[in-house]
């Protein structure tokens, strides 16, 4: 445990060092350039600037090699961003395309390029297409959702927490998982925030827009 | 080894190669393993490469400032007497240095791109970095082996250098090349994004959305750079024009055309999912054209005012273009299934790669033949080869998919009367235009290779042919704006077209009624460039272009204004205009307008930014149209004599001489009066500067009086020191000022398109400040780059000055003949002012006086100097290919386009044709939320 702490502290120090040198070296170079320029003329000033750049080269290449070798810590947030990587699915792309078309349509209707009857008809058609894509995406993700709930329940059971009331309070499986389709009648409806009236997910604790605490139904709200 | 400074600097260059190769290798590793750690290492490597290039450039700067004449480059382009500013200017004065400058700009772009990428687009990043490093390696190899700026002369260091050509020590020459380079080099970044998309197979709109701002930025600077080039030619060369269809000008113009086509066709892919292959092809073509343009400028393959001494550097470029094209083509073939929305089975992939390469190689024999003789006209063949490969693959695919019963998931277009169709036409017209210019530019090489005939393609050829195509594009610009993305009903079409057509008709009527009276006649007859019916046909069309130009200007400006009126009306109706603080409207209309534009949601901002760009372009078109009414007058005046040009009267007051450190200046003062109002407009003082270092070539300093209507452009030819008699050439150039103003509007529109996005949760003012700073920073950096002293690299004798023309007939004949003095390149006899050729001009004048016909005079000139003595290739035999080939290609393209449209049409009467029930369910809420969040 302490080894991990030491490691974490060393990483933090290294990141702090990197942040400092990131502005310190350019600042020092700039200062030195100006000083030498005033004292000795343009030529030597350019040499100082070149030296600063050269120090930068050494720094960057050294950082690169250390990162490659595994000694240097990665920047914060990179790993999180990396885990959010996903393959692009055809359905996602088609959905975006339909959404763009709908947005264009709305705009052209708002400035009067399309009249109301045309707009209703074409917009309905595109909305139908978009909805069918959404349904298709939900359908594809449903078995994975079920699997994710299974894994989460198992994990909770291992942690000896009461997962009996867990249905409907389970965390979302992935960032872009859709809300549960209203197939089961006992799935609770969406929560409205008392402060800003934004519609929130049924299992949310805090409002996603203003952060106010939402009324929680069961007393064993967890996670 | 690194014992001397020059050797150390050369080692730096090799070091860049090492660092870039290292980064290239580990970024490929990062791409294939997907490890973030390796990617981070690649990012650091990229930063290190950038810093190393900066070091090398700074060392060269130091060499100049410290007068280190051991370096051949420093000795050639500077001397001890030059002030500091010009020393830094000379840094990029020659070929080797300008390559280092290219590398430097590329490194700035790479640094900015890697920084901007940050934690975004992690899948594409490795391959983006790898592609950029590959280009860096190419330029390093080029410099290390062919054009090392740090090489030393065998004779050792000199006492003093040769100094910079004084012709290059002026403002416009300083800012034009860097602005253009910023545009050229910028096209590398979208190319890198496209290659990354191809390699990773993420071929939907991700790479397009990611690279959008980069492409816009590069496009904007291509526009600025070209306009600055026009400005330089206008201000400095002294012949009164701004564009000579010089091969290097064309080489800078063609990427602009292709990039313009690209920014439009990506919109089709974003909304419809069509044209995926076309878009990757276009962006690769843009990049290859910038490399090709650099090659044309430097290798001396085609003679021009910009040319250098011949060098072996051309071979490197040709190989690089080949290699880049081969790699890109293979990637496109490999990804063909995804690009055509077919399931990516290995069988289909293999079929694509096989058929594609067979097509390329099958179309190659002609290419191989030509490459034996000269550097290839790469781009023409890129288009032909591309078409051949496409046809080959599609034929194979038809059979395969029919056999395997695979259907494509490709989408369909709505209807002919939709914006998609006009964007397709836009691409078709722009690429057709580019093909035309490209063939004409490379035609001297082609005709010499194929038919052993030397020809020259001069401005009269371009001016005659370009006008129809240009006007078609101009018309499409307006029509496309009027049509919506969806099928537009006939009533709406009628309503949309009403005002533009009405105003256009009124303009045409007024033009015919009053045009001639105010000096802007609607029909202006010029001289035919060919004898015979083709020549007469072209001549007839060119005669009505003034009227068409003004009519289309009225058409387009009404359309743009109409769009903004509709926007503001809609905002008033919906109450959205309350969000703009009303104080901004009272402080002149502009701040309110700017605030409204900037606070629009992103897709709308881009749309209206695009309209502003169109507005800028149509102002430039107005300026180009003005050329039809140019008036040229010449006179030799004694002091106090007057001459008249159009509505200006000029009285020659006298001449005076001033001397400074490096030149003698001879001014001639003229008082200008406007004959319409009788008002005095002040004094103009054209001059001749005679530099001490180059006493034989005096430079012409033009004097101008600018107004909205026209420019009075005065040049002094020579001043007799005893009698003070002076010869003047006066041009009245109508509407030229609108070109420069239009470019400014174009820049503003582009900036609006590139405006960064607000985060809705942040406080408005902070977000505004942040994004304002971002825009200000990038535009400032761009302008600083543009203002940095960077002259062009032509140290050749560029004679500026005037040619005495006695009559319109003489002008017509001189315009058709090229000056063969060997010093200037390609200039017609009307413009080349070198003194060596006066005897020949005298001979021709004698022939004119004898009453010989134009054809006889031209024929005798050809007998003496060959067919390349003519500015227009003769309309005979195989030489007709110069226009027949592009026209045939354009027609074939049109047929192909029609065929594609037929395949893309949504089958009518399908199940989606009737209006479904508008029943709201839970998905509608989700849909509305997603629509709200959509900001692309």
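Can you run the Rg to Rh ratio on the range B:157-297? Use alpha carbon positions and the Kirkwood inverse-distance Rh.
Ratio value, two decimals: 1.10.
Would you mind calculating the gained length between residue B:589 and residue B:641 on full extension (0.36 nm times residue separation, minus the Cα-Cα distance), in nm to one decimal?
The residue B:589-residue B:641 span can extend by a further 13.9 nm.
Measuring from centroid to centroid over Cα atoms, what is the spacing of the range B:679-728 and the range B:12-57 in Å?
Answer, in whole Å: 54.
Modelled label-to-label distance, residue B:159 and residue A:115, 7 Å Cα→beta-carbon offset: nm?
Simple spin-label model gives 8.9 nm for this pair.
On a full-extension model of 0.36 nm per residue, what is the gain between residue A:6 and residue A:80, subtracting their alpha-carbon distance, rounded to one decimal in nm?
Contour length minus the Cα-Cα distance gives 24.4 nm.
Would you mind getting me the FRET efficiency between residue A:208 and residue A:139? Use the beta-carbon distance for r and R0 = 22 Å, nearest 0.05.
0.30
Quote the FRET efficiency, to the nearest 0.05, computed for residue B:536 versus residue B:631 with a Förster distance R0 of 22 Å and r equal to the Cβ-Cβ distance.
Using R0 = 22 Å, I get an efficiency of 0.30.
How large is log10 I(q)/I(0) at q = 0.15, 0.18, 0.20, 0.33 Å⁻¹ when the Debye formula is applied to the Cα atoms of the range B:698-738, each weighted equally and without solvent?
For the range B:698-738, the Cα-only Debye profile gives -0.44, -0.56, -0.64, -1.06.
Fewest Cβ neighbours within 10 Å first, please rank A:133, B:26, A:58 accordingly.
Ordered by Cβ neighbours within 10 Å, fewest first: A:58, A:133, B:26.
Can you sort A:64, A:189, A:123, B:447 by how many other beta carbons sit within 10 Å, fewest first?
The fewest-first ordering by Cβ neighbours comes to A:189, A:123, B:447, A:64.
Projected area of the range B:448-593, taken from the Cα convex hull and averaged over every viewing direction, in nm²?
Computed as one quarter of the Cα hull surface, the answer is 15.6 nm².
Mind ranking B:677-690, A:17-30 by how tightly packed they are, going by the mean number of other C-beta atoms within 10 angstrom, highest first?
B:677-690, A:17-30
For the range B:527-670, just say rounded, prolate or oblate: build the C-alpha gyration tensor, square-root its eigenvalues into a ≥ b ≥ c, call rounded for a/c under 1.5, and beyond that prolate if a/b exceeds b/c, oblate if not.
It comes out oblate by the Cα gyration axes.
At 37 °C and 0.692 mPa s, what whole-number value in µm²/s does Stokes-Einstein give for the translational diffusion of the range B:422-476, with Rh from the Kirkwood sum over Cα pairs?
For the chosen part, D equals 267 µm²/s.
Which value results when the Cα radius of gyration for the range A:17-156 is divided by 2.2 N^0.38 Å?
So the range A:17-156 has a normalised radius of gyration of 1.98.
What shape does the range B:583-666 take by its C-alpha gyration tensor, where a ≥ b ≥ c are the square roots of the eigenvalues and a/c under 1.5 counts as rounded, a/b above b/c as prolate, and the rest as oblate?
It is prolate, given that a/c is not under 1.5 and a/b is the larger ratio.
For a Förster distance of 22 Å, can you work out the FRET efficiency between the beta-carbons of residue B:924 and residue A:190, rounded to the nearest 0.05?
It comes out at approximately 0.95.
7 Å from Cα along Cα→Cβ at both residue B:707 and residue B:491: what's the point-to-point distance in nm?
5.0 nm
So how much slack lies between residue B:361 and residue B:145, counting 0.36 nm per residue of separation and subtracting their Cα-Cα distance, in nm?
74.7 nm
Take every residue in peptide B:201-208, count the Cβ atoms of other chains within 10 Å of its Cβ, and give the average of those counts.
3
Can you give the Kirkwood hydrodynamic radius of the range B:652-709 from its Cα pairs, in Å with one decimal?
13.0 Å
Can you compute the modelled spin-label distance between residue A:132 and residue B:4, with each label point 7 Å from Cα toward Cβ, in nm?
7.7 nm
Residue by residue through B:61-69, how many Cβ atoms from other chains fall within 10 Å of the Cβ on average?
Mean inter-chain Cβ contacts per residue within 10 Å come to 4.
Thinking of the range A:35-110 as a set of Cα atoms, what percent of all their pairs are more than 20 Å apart?
Roughly 68 percent, rounded to a whole number.
Take peptides B:838-844, B:727-733 and line them up by average Cβ neighbours within 10 Å, highest first, as a rough protection proxy.
Final packing ranking: B:727-733, B:838-844.
Take the alpha carbon atoms of the range B:417-451, find their center, do the same for the range A:194-209, and report the distance between the two centers in whole angstrom.
58 Å
Take the range B:32-140, drop everything but the C-alpha atoms, weight them equally and run the Debye formula without solvent; then report log10 I(q)/I(0) at 0.12 Å⁻¹ to two decimals.
Each listed q maps to, in turn, -0.51.
If you rank B:357, B:101 by fewest surrounding Cβ atoms within 10 Å, what's the result?
So the ranking, lowest neighbour count to highest, is B:357, B:101.
Report the residues of the range B:658-674 in range of a label on residue B:683: point 7 Å along Cα→C-beta, backbone N strictly under 20 Å from it.
Under 20 Å, as judged by backbone N against the label point of residue B:683, lie B:658-660, B:664-674 of the range B:658-674.
Kindly give Rg over Rh for the range B:649-765, based on alpha-carbon atoms, with the Kirkwood expression for the hydrodynamic radius.
Ratio value, two decimals: 1.25.
Counting only other chains, and only Cβ atoms inside 10 Å, what mean value do you get across the residues of B:922-930?
5
None of the figures in this text is laboratory data; all of them are computed from the coordinates on show. Since the structure is predicted, the reported quantities are computational estimates derived from the model, not experimental observations. All Cβ positions, even for glycine, are placed from backbone atoms using ideal geometry, and neighbour counts span all protein chains on display.
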